[in-house]
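Notes to accompany the following structure.
The values are calculated or read from the model by the stated rules, or taken from the named source; none is laboratory data. The model shown is predicted, which means the values in this text are computed figures rather than measured ones. For neighbour counting, all protein chains shown are included, and Cβ atoms are generated from backbone atoms with ideal geometry for every residue, glycine included.
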Amino acid sequence: MRRSPLLSLTALLLLAPAAARPANDLSATVERYCTKCHNPEDWAGGLDLSSLDPAHVNTDAASWEKVVRKLRSGMMPPPGKERPTRKEAEEYYRYYADELADWGAVDNLMRLQGLHAQSFPEEALRTLRGRFAAGHGTYPLVGDPDTIVREMTKIPAAGFAGCTLSFVDYVKEFPIFAAEILPRLERLGLRQPVR
């Protein structure tokens, strides 16, 4: 098979973030994984999650958007701390990429980019729409580091010689990617070790 030189891919790295719905389940998840550090005493990251209500994210949208960015990037919970399960990560992804999506904005963005053409199969349009809701057409990688690596092995298997990744906050998120994902890719021979 002839390989294409590079796939431009925006990957959403969801390293097993907190689950979301229903709200009482989210409250329990936040309590279990987050409030040990994000509370009024420790104030980690300048955030007290024990005082925020997941059932009413509109009361402090800025804080919840910060939470989503940290979870989506895999920065939280930090490496070495207990992380939610893959099932919880998938539930969270469905919650924020489907239930919380601004579908009017998604449809408008797709229309502006010409992604509404009747020449696309209906299933392809549904997939694109969901991925735009998750973050401007992302290719979601959901799960623990081993799951993310397994998913990333599909890229060269599909004939691509490489891909580009983007991060919400590169400076803070790349160290986690470098510590947990890159060594696994090196062991599989999918990446040359940095010397």
For Ala97, work out the one condition from (1) surrounded by 15 or more Cβ atoms within 10 Å (Cβ to Cβ); (2) over 16 Å from Val142 (Cα atoms); (3) within 19 Å of the chain's Cα centre (by Cα); (4) of a type in the set (Gly, Ala, Ser) it doesn't fulfil. (2)
Region 22-51, subset assigned to a loop (DSSP other than H, G, I, E, B) and within 19 Å of Glu91 (Cβ to Cβ), residue modelled with the lowest pLDDT: Pro22
Only one of Glu122, Glu151, Glu180 is touching a strand residue (DSSP E or B) at 6+ places or on another chain (Cβ under 8 Å) and modelled with pLDDT of 80 or more; which? Glu151
Just checking, which of Ala101, Ala117 is modelled with pLDDT of 80 or more and in a loop (DSSP other than H, G, I, E, B)? Ala101
Looking only at region 129-145, decide whether some residue is modelled with pLDDT of 85 or more and either in a loop (DSSP other than H, G, I, E, B) or within 27 Å of Glu180 (Cα to Cα) (or both). no
Residues in region 45-62: is at least one charged (D, E, K, R), crowded, with 16+ Cβ neighbours inside 10 Å and out of contact with any strand residue (DSSP E or B) (no Cβ under 6 Å at 6 or more places or on another chain)? yes
